[in-house]
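Shown next, in structure tokens, is the structure this report addresses.
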Amino acid sequence: MKTALISDLHANRQALEAVLENARQQGAGHFAFLGDYVGYGSDPGWVVDRVRELREDGAIVVAGNHDLAVANGPRPTMNDDARAAIEWTRSHLDAAQLRFLATLPMSDEEDDCLYVHANAFDPSGFAYVQGRLEAMRSLHATECRYTFCGHMHEPMLYHLSGTGKAGDFKPQPGMPIPLLPNRQWLVIPGACGQPRDGNPAAAYALFDHDSEELTFQRVPYDVDAAAAALRRAQGLPADLAERLAQRLIAGR
């Protein structure tokens, strides 16, 4: 069985459509969504409904900080663009969609896998795994062999051996990585709807449970259409569209 690991969708319909199609083409039979379905993007209702449908079909879905901010109000640490997008999003979701976001679990476990938005040591605090130190703290906080999380918007892979030796790896798209059995692993698949590594293509990862291999993926999508939809949305900060457009240029 292959699980598609998808995080930080951020109301980007075009990116999510492309990732779901690609994941199915790659043989994904299971989906795990690692939070932040809303915020920044122009299609929060569509994205929330699509994720909700997939959860009804068996997908794992956990809460992100933007999801809880939309449901309960923005956090004080959010920047101005994020806060403006949160307020705009709240006014564009109905009661059922807001309730869906408000009631999502902070984490979920399945077999030997932990699914969480930010980290395993304090899921509701939303501290970033910015490097090896935070990754090791997260891995020490769980007995699961695999931890899958988002929040950082850039693909990354960390591991911890049985002797306590730590390592990290910057993955290349499309290259299967064997996850050796004598290690714990922390996987950050990157952002579907808001990449922040200079590559505008939507990011996600595929975990093959049978072969114990992980493959990071990048999927080109219509960034121009996503940016145009942002520009048409009344009330969202204008620079959110420019941010996607700049990533398009940076990735060429």
Among the residues of segment 168-206, the number that are under 22 Å from residue 128 (Cβ atoms) and assigned to a strand (DSSP E or B) is 11
By residue number, the members of segment 122-171 that are loosely packed, with under 13 Cβ neighbours inside 10 Å and basic (Lys, Arg) are 165, 170
Right, residue 87: under 28 Å from residue 2 (Cβ atoms), of a type outside the set (Gly, Ala, Ser) and more than 14 Å from the chain's Cα centre (by Cα) or not? no
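Which residues, counting only those in segment 28-51, are among the hydrophobic types (A, V, I, L, M, F, W, C) and either in contact (Cβ under 8 Å) with a residue 40 or more places away in the chain or within 19 Å of residue 231 (Cα to Cα) (or both)? It would help to see each step written out before you state the result.
To start, the set of residues in segment 28-51 that are among the hydrophobic types (A, V, I, L, M, F, W, C) comprises 28, 31-34, 38, 46-48, 51.
Answer for segment 28-51, where residues must be among the hydrophobic types (A, V, I, L, M, F, W, C) and either in contact (Cβ under 8 Å) with a residue 40 or more places away in the chain or within 19 Å of residue 231 (Cα to Cα) (or both): 28, 32, 34, 38, 46, 47, 48, 51.
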Those residues of segment 172-192 that are at pLDDT below 95 and buried (at least 22 other Cβ atoms within 10 Å of the Cβ) come to a total of 0
Checked segment 89-118 for anything surrounded by fewer than 19 Cβ atoms within 10 Å (Cβ to Cβ), touching a residue at least 24 places away in the same chain (Cβ under 8 Å) and hydrophobic (A, V, I, L, M, F, W, C); matches are 98, 102, 106
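So is residue 69 crowded, with 18+ Cβ neighbours inside 10 Å and either among the hydrophobic types (A, V, I, L, M, F, W, C) or within 20 Å of residue 204 (Cα to Cα) (or both) or not? Before the answer, list the steps.
Working: crowded, with 18+ Cβ neighbours inside 10 Å: yes; either among the hydrophobic types (A, V, I, L, M, F, W, C) or within 20 Å of residue 204 (Cα to Cα) (or both): yes.
Considered against the rule, which asks whether it is crowded, with 18+ Cβ neighbours inside 10 Å and either among the hydrophobic types (A, V, I, L, M, F, W, C) or within 20 Å of residue 204 (Cα to Cα) (or both), residue 69 comes out as yes.
Mind telling me which of the residues 33, 100 ends up being among the aromatic types (Phe, Trp, Tyr) and in contact with a strand residue (DSSP E or B) (Cβ under 8 Å, 6 or more places away or on another chain)?
Working: 100 fails: in contact with a strand residue (DSSP E or B) (Cβ under 8 Å, 6 or more places away or on another chain).
After applying the criteria, what remains is 33.
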Looking across segment 199-231 at residues that are touching a helix residue (DSSP H, G or I) at 6+ places or on another chain (Cβ under 9 Å) and more than 16 Å from residue 15 (Cβ to Cβ), the single one that is surrounded by the most Cβ atoms within 10 Å (Cβ to Cβ) is 206
Of the residues in segment 4-43 that are among the polar types (S, T, N, Q) and crowded, with 24+ Cβ neighbours inside 10 Å, the one that is nearest to residue 206 (Cα to Cα) is 7
Counted residues in segment 170-196 being in contact with a strand residue (DSSP E or B) (Cβ under 8 Å, 6 or more places away or on another chain) and touching a residue at least 40 places away in the same chain (Cβ under 8 Å) come to 16
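Would it be correct to say that residue 238 is at pLDDT 95 or above and out of contact with any helix residue (DSSP H, G or I) (no Cβ under 6 Å at 6 or more places or on another chain)?
Values: at pLDDT 95 or above: no; out of contact with any helix residue (DSSP H, G or I) (no Cβ under 6 Å at 6 or more places or on another chain): yes.
Here the answer is no, as residue 238 does not meet what is asked.
Every residue, every condition in (1) under 15 Å from the mean Cα position of the chain (by Cα); (2) within 28 Å of residue 209 (Cβ to Cβ), yes or no:
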residue	(1), (2)
1	no, yes
6	yes, yes
20	yes, yes
45	no, no
53	no, yes
58	no, yes
62	yes, yes
76	no, no
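Taking residue 86, is it surrounded by 15 or more Cβ atoms within 10 Å (Cβ to Cβ) and either at pLDDT 95 or above or among the hydroxyl-bearing types (Ser, Thr, Tyr) (or both)?
Values: surrounded by 15 or more Cβ atoms within 10 Å (Cβ to Cβ): yes; either at pLDDT 95 or above or among the hydroxyl-bearing types (Ser, Thr, Tyr) (or both): no.
So residue 86 does not fit the description; no.
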Does at least one position in segment 207-221 carry a residue that is within 15 Å of the chain's Cα centre (by Cα), among the aliphatic types (A, V, I, L, M) and not in a helix (DSSP H, G or I)? yes
Residue hits (segment 1-31; assigned to a helix (DSSP H, G or I) and of a type in the set (S, T, N, Q)) are 14, 22, 25
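The values are calculated or read from the model by the stated rules, or taken from the named source; none is laboratory data. Quantities reported herein were computed from a predicted structural model and do not represent experimental measurements. FYI the Cβ positions are ideal-geometry reconstructions off the backbone, even for glycines, and counts take in every protein chain you see.
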